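Reviewing the structure listed below.
The values are calculated or read from the model by the stated rules, or taken from the named source; none is laboratory data. Everything numeric here is computed off the predicted structure, so don't read it as measured data. Virtual Cβ from ideal backbone geometry, glycine too; neighbours counted across all protein chains shown.
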Amino acid sequence: MSILSDVKEIEAKVRESMENGPVTPYYTLPLDKVYDVLNAALASEIICVLRYKQHYYMTTSIHQDQLQDMFKEHWMDEEGHLERIADRIKQLGGVPNLDPNGISKRAFSTFSSGHTLADLLREDLLAERVVIKMYGDIVDYFGKADPVSRRMMEEILKDEEDHADEIADLLYTVDPKTGKTAEQFTGDGVLQAFKPNGK
């Protein structure tokens with residue numbers, strides 16, 4: 001009956017630390033660092049929402065409906081992400097940092113807008129790829145120590161990869177014979193031969 005004695009030991013240990021909030025004494029990651037990591041992801045999602053909304057309202061062309069639908073879908077996904085991250089910070093006894101002061105310093109993402117549709121899409125693709133790298137690192141950081149946060153970030157990461165794939169499909173045409181980029185979307189429905197480094 002060793003399992004029963006283990007359960008009683010666990011219960012006793014948890015009871016002793018009940019005043020410490022929702023985090024059990026078996027949580028091994030440093031909470032201050034966890035809050036910093038999750039608040040950085042939260043700030044990144046806020047930046048992504050604002051950038052996609054900016055691009056939504058800047059879009060005017062024969063592609064307006066298609067692109068605005070995509071931008072809106074993406075910003076709604078990002079809003080869902082930031083709510084999940086904020087909830088997780090709260091579950092871990094922290095406070096989600098929604099203070100607009102310093103959001104850009106806390107975030108992995110940047111807020112940029114170009115002058116053409118192609119510029120907007122490139123900025124979004126760049127931001128998504130940066131976030132994909134950072135979120136992959138966060139997944140590794142949580143690892144087995146915090147499987148709940150890890151699974152949440154894995155699910156968010158999957159959405160970001162979907163966003164990047166969708167934007168890349170709009171920007172680039174790949175030659176199926178060579179696997180190389182053959183054409184590049186330059187904005188306003190114009191496709192031209194892709195020239196690396198503009199040459």
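Observations
- Residue count, the stretch 138-148 (criterion: in a helix (DSSP H, G or I), surrounded by fewer than 13 Cβ atoms within 10 Å (Cβ to Cβ) and without any contact (Cβ under 8 Å) to a residue 24 or more places away in the chain): 2
- Exactly one residue out of Arg129, Arg151 is out of contact with any Ser or Thr (no Cβ under 9 Å at 6 or more places or on another chain), modelled with pLDDT under 95 and surrounded by fewer than 20 Cβ atoms within 10 Å (Cβ to Cβ), and it is Arg129.
- Summed over the stretch 26-40, residues that are touching a Phe, Trp or Tyr at 6+ places or on another chain (Cβ under 9 Å), exposed (fewer than 14 other Cβ atoms within 10 Å of the Cβ) and not in a helix (DSSP H, G or I) total 0.
- Residue count for the stretch 113-137, restricted to those that are of a type in the set (Ser, Thr, Tyr) and part of a helix (DSSP H, G or I): 1.
- Lone qualifier among Asp69, Asp99, Asp87 - being more than 22 Å from Lys158 (Cα to Cα) and either touching a residue at least 40 places away in the same chain (Cβ under 8 Å) or of a type in the set (Asp, Glu) (or both): Asp99
- Thr110 part of a loop (DSSP other than H, G, I, E, B), farther than 30 Å from Thr28 by Cα, free of Cβ contacts under 8 Å to residues at least 24 places away in the same chain and not hydrophobic (A, V, I, L, M, F, W, C): no
- Residue match in the stretch 48-63 (condition: outside any helix (DSSP H, G or I), within 30 Å of Tyr27 (Cα to Cα) and either of a type in the set (Val, Ile, Thr) or without any contact (Cβ under 8 Å) to a residue 12 or more places away in the chain (or both)): no
- Ala107 being of a type in the set (Gly, Ala, Ser), closer than 16 Å to Ala168 by Cα and within 14 Å of the chain's Cα centre (by Cα): no
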